[in-house]
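Student: Below is a structure I'd like to ask you about.
The values are calculated or read from the model by the stated rules, or taken from the named source; none is laboratory data. Computed from a predicted structure; not experimentally measured. Because the Cβ atoms are built from the backbone with ideal geometry, glycine has one as well, and the counts that use them run over all protein chains shown.
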Amino acid sequence: MDLREDRERLERILLGQEALVNEVRTWLEEEDTADAVVEAAIRSSGDDRMNALHGLSPARIFGRRAIRDLCVRYRLRFLPSALYKGEIPRQAIAAVRALESGTGQVLRGYHILAPARRFRLCDADADPLLFVRIGADRYYLIHRWGSDLSPWRALVHWPVRAPFHLGATVLIAALVLAAAIPTGWITRDPMAGWWGAHRFLFAFWSTVVVTAFTVQAWFAFFGRFSGEAWNSRTFN
């Protein structure tokens, strides 16, 4: 009798564990399905639909002008998420689900801010930031991942922000070149000092040469200034 009771008790324990395992498995499958739905919504978002959301953190709300300035500074693009070809991490999907749960709305009109290489651009083969539009020229930052927003990136792309920046870079490069060249390479006069008409003429020649190479490279590689390309769907 004791053996039978022990067997039945053990069977109930095993059945309970199996039910728990099945319940956990079902919950995980539901979570995976919900994540897949959110990721599909982000991947297919090609419009600029507005979301009427309330109770959002003011620290995460940004105007279109501020986003444009950031793109120009770091040479980034701000485009609909349907054009994004990089990986969307689980943390970003979880952030979207948390926002939808908190607001009780299904989000649409996703945008991503990232380097151009992260997008499927029309004629082309960062730190990405996922936004959703919440008003006229207002966007809410949902999640950020990656590490492309660095001071070094801003410095490297400073010359291509606008025509003024490129011109200033050309002039500085020409003056540095003119100052660095030894006097003996500029004139054969052994009595010539570092400064003189020869240095001025060489500085002028350096400016012309650097400008010519810059213009040739700019048109050869179809250059575009960041102020024009920040929300363009084409590579060049």
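Student: Output the number of residues of the stretch 71-117 satisfying the condition of being under 17 Å from Val37 (Cα atoms) and aliphatic (A, V, I, L, M).
Tutor: 11
Student: Which pairs have Cβ atoms under 8 Å, sit 6 or more apart or on different chains, and link a residue in the stretch 85-107 that is among the charged types (D, E, K, R) to one that is not in a loop (DSSP other than H, G, I, E, B)?
Tutor: What qualifies is Lys85/Arg118; Lys85/Phe119; Arg90/Asp35; Arg97/Ala34; Arg97/Asp35; Arg97/Val38; Glu100/Val38.
Yes/no per residue for (1) surrounded by fewer than 16 Cβ atoms within 10 Å (Cβ to Cβ); (2) within 17 Å of His157 (Cβ to Cβ); (3) touching a Cys at 6+ places or on another chain (Cβ under 8 Å); (4) modelled with pLDDT under 90:
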| site | (1), (2), (3), (4) |
| --- | --- |
| Arg75 | no, yes, no, yes |
| Tyr84 | no, no, no, yes |
| His111 | no, no, no, no |
| Ala116 | no, yes, no, yes |
| Asp123 | yes, no, no, yes |
| Ile134 | no, no, no, yes |
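Student: Give me a count of the residues in the stretch 79-114 that are in contact with a Ser or Thr (Cβ under 8 Å, 6 or more places away or on another chain) and part of a helix (DSSP H, G or I).
Tutor: Total satisfying the criteria: 2.
Student: How many of the residues making up the stretch 50-71 are in a loop (DSSP other than H, G, I, E, B) and loosely packed, with under 13 Cβ neighbours inside 10 Å? If you could, list the steps in order and put the result at the bottom.
Tutor: Initial filter on the stretch 50-71 (in a loop (DSSP other than H, G, I, E, B)): 50-57.
Those still in the list that are loosely packed, with under 13 Cβ neighbours inside 10 Å too: 52, 54-55, 57.
So the answer is 4.
Student: Output the qualifying pairs, or none if there are none: Cβ atoms under 7 angstrom, residues six or more apart or on different chains, first residue in the stretch 173-184 and within 13 Å of Trp205 (Cβ to Cβ), second residue of a type in the set (Ser, Thr, Tyr).
Tutor: So the pair list comes out as Ala174/Ser206; Ala174/Thr207; Leu177/Ser206; Ala178/Ser206.
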